[in-house]
1. Which one is modelled with the highest pLDDT, of the residues in segment 327-369 that are among the hydroxyl-bearing types (Ser, Thr, Tyr) and surrounded by fewer than 24 Cβ atoms within 10 Å (Cβ to Cβ)?
2. Got a sec? Which of PRO243, PRO260 is surrounded by 24 or more Cβ atoms within 10 Å (Cβ to Cβ) and either modelled with pLDDT of 80 or more or within 30 Å of PRO52 (Cα to Cα) (or both)?
3. For segment 59-113, enumerate the residues that are at negative phi and polar (S, T, N, Q).
4. Over 15 Å from LEU121 (Cα atoms) and in contact with an Asp or Glu (Cβ under 7 Å, 6 or more places away or on another chain): which single residue out of SER522, SER484 fits that description?
5. Only residues that are basic (Lys, Arg) and over 24 Å from TRP203 (Cα atoms): list them for segment 403-420, please.
6. Restricting the search to segment 492-505, which residues are surrounded by 20 or more Cβ atoms within 10 Å (Cβ to Cβ), of a type in the set (A, V, I, L, M) and at pLDDT below 90?
7. With respect to VAL217, determine if the residue is in contact (Cβ under 8 Å) with a residue 24 or more places away in the chain, crowded, with 17+ Cβ neighbours inside 10 Å and either in a helix (DSSP H, G or I) or out of contact with any Ser or Thr (no Cβ under 7 Å at 6 or more places or on another chain) (or both).
8. I need every pair where a residue in segment 496-510 that is among the aromatic types (Phe, Trp, Tyr) has its Cβ under 6 Å from the Cβ of a residue that is at pLDDT below 90, sequence separation at least 6 or different chains.
Amino acid sequence: MSDTLEKRSMDDIATLQSPVVKDPEAAILKNVLPGPPPFRWSSLWQPAQINPLNGKSYTLPIFRLTDQYAINFHLAWLGFFVAFLSWFAFPPLIPEAIKKDLNLTTAQIGNSNIIALLATLVMRFAIGPFVDRFGPRYTLAGILVVGAIPSGLAGTISSASGLYAIRFFIGILGATFVPCIAWSTLFFDKSIVGAANAFVGGWGVVSGVTFVVQVAVFQSLVDARGLSPHSAWRAAFAVVPVPILLFIALLTLTIGTDCPAGKWSARHTLPATAAAARLGHIAKLDPAERAVYTRKANEKQTGTTHVTPVEENEEEDVAQLATVQLDVAVNEPLTLKKLAEILTTASTWLPSLMYMTTFGFELCVDANLVNVLVANNKLTQLNAGYLASTFGFMNIVTRPSGGFIGDWLYKRYGVKGKKYITVVLGFLQGAMSLAFGLYSHAKYSQGQRPSVGITMLLMVLMGIFCEVANGTNFSLVPHCNPFSGGTVTGLTGGLGNFGGIVYAIMFRYLPKQGYTNAWIASGAFAMGINLFCVILPLPKE
């Protein structure tokens, strides 16, 4: 399948070979090629239309399951999705089954939520450089296999400390988000990368499925199989997450593709690297990559391919080059110098801080909403779990919508359109959280409980603003330090988890009266950070 990808890109480049266009890379840079095609519904099931400069697709052929671009797209979101089946399998079962079985206090439950997010925070920061060095496909499969081990050991928990340990190691699975998004970014052009990333992230983070599945499996084991709650919640982990994690890891390794050029070591053989060299960015190749490049250069001399080696040094008037970094960027291994450059670039922190307030909030709501509904409205674990699943299920529509909005605004206003819509949505999410906290406080002051209907209405509004913002945010991320896409995705994703910890601490230490003060603090935090992001500079186009 990887050969098909490479052949398709080379065939597109070959069409530029003519007396008028001697150098395809230079022609592309001078905008001889037309831009992305207008959207057509048929593009969803027709073969991907390729940008010959970087091998990325202008279209999103999600229904053409024989197309390698579609295969990699679906494997990316599935990898993140199945990770959620284990990563967030505890929250829907904690309020009744696990809490009673392990004699947990409210404080211990809060501690376990924080610990689960802490592991993901560390791993997301750490996994980014692995993506840039080894590629997202192998990184994703590795995380799924490693994460399946503690998932299978969940049934051995017998105390709060055991719960902490298992949730910490299961938290490793949350790092699948980094290779998931990086893989999508590799295969889809900047004109549609917002939608592609939003679909991958949105479908992958449909945590509502986890809430429904885990509660249903637990209840089935109790009612139909006659297991005790003590045994049923433990068996639920072995029944659902473990075999699915291993199966998707196997699919990723057997039918996935590293990058548009085929193998990860061949990623510099597309014309984008030569184009980047003309713009002053010289790729650093390791021995394996150098060998691939030498082979491709020899093939070009014999007329087998049309790939221009990176060492080729043709004079070019840089002032005439009509391209952006994102067009020619190819992931490169992280160095200390590059890391320092990334961390000292102000625009790096723009999507990271906004994601801290939005995705961090989503993680916190996923972990606490069942507890809130049980505490506020005296619902059973089963009913609270089903209602709480609404927040996660909305990602099927909300996050992809954010990607489409980001791409649409980019065509009209450039990168600033993506920035300001994300700021506005994050601020509105904070305003809804603040409103819910004030509403709950007012009801408790009157000696009443918050209405389930109003609670869910405000939760839906919070979810819309929060999840659409997550989509627009990751249409912005690829513009930030694009030659280190894995590292920047890991940094942004890690800050998202750090935000989850900040919010979790609020819910841990402000639990009184149905977490009223926690909602107020969460709203103020989100509104303040997003207002600060207004002054941060934009990344390059």
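1. Looking only at segment 327-369, we keep the residues that are among the hydroxyl-bearing types (Ser, Thr, Tyr), and these are 335, 344-345, 347-348, 352, 355, 357-358.
Cutting the leftovers down to surrounded by fewer than 24 Cβ atoms within 10 Å (Cβ to Cβ) gives us 335, 344-345, 347-348, 352.
On the way: THR335: 82, THR344: 88, THR345: 88, SER347: 87, THR348: 89, SER352: 94.
If we take residues in segment 327-369 being among the hydroxyl-bearing types (Ser, Thr, Tyr) and surrounded by fewer than 24 Cβ atoms within 10 Å (Cβ to Cβ), then SER352 is modelled with the highest pLDDT.
2. Values: PRO243 fails: surrounded by 24 or more Cβ atoms within 10 Å (Cβ to Cβ).
After applying the criteria, what remains is PRO260.
3. Narrowing segment 59-113 to residues at negative phi: 59-102, 104-113.
THR59, THR66, GLN68, ASN72, SER86, THR105, THR106, GLN108, ASN111, SER112, ASN113, listed by residue number.
4. Numbers: SER522 fails: in contact with an Asp or Glu (Cβ under 7 Å, 6 or more places away or on another chain).
Among SER522, SER484, only SER484 is over 15 Å from LEU121 (Cα atoms) and in contact with an Asp or Glu (Cβ under 7 Å, 6 or more places away or on another chain).
5. Within segment 403-420, the subset basic (Lys, Arg) is 411-412, 416, 418-419.
Within segment 403-420, LYS411, ARG412, LYS416 qualify.
6. Scanning segment 492-505 gives ILE501, ALA504.
7. Details: in contact (Cβ under 8 Å) with a residue 24 or more places away in the chain: no; crowded, with 17+ Cβ neighbours inside 10 Å: yes; either in a helix (DSSP H, G or I) or out of contact with any Ser or Thr (no Cβ under 7 Å at 6 or more places or on another chain) (or both): yes.
The answer is no for VAL217.
8. Close Cβ pairs (under 6 Å, with a partner that is at pLDDT below 90) amount to PHE498/LEU121; TYR503/CYS364; PHE507/ASN368; PHE507/TYR515.
The values are calculated or read from the model by the stated rules, or taken from the named source; none is laboratory data. What you see is a predicted model; the values in this text were computed from it and never measured. Using ideal geometry, Cβ is built from the backbone for each residue, glycine included, and neighbour counts are taken over all protein chains shown.
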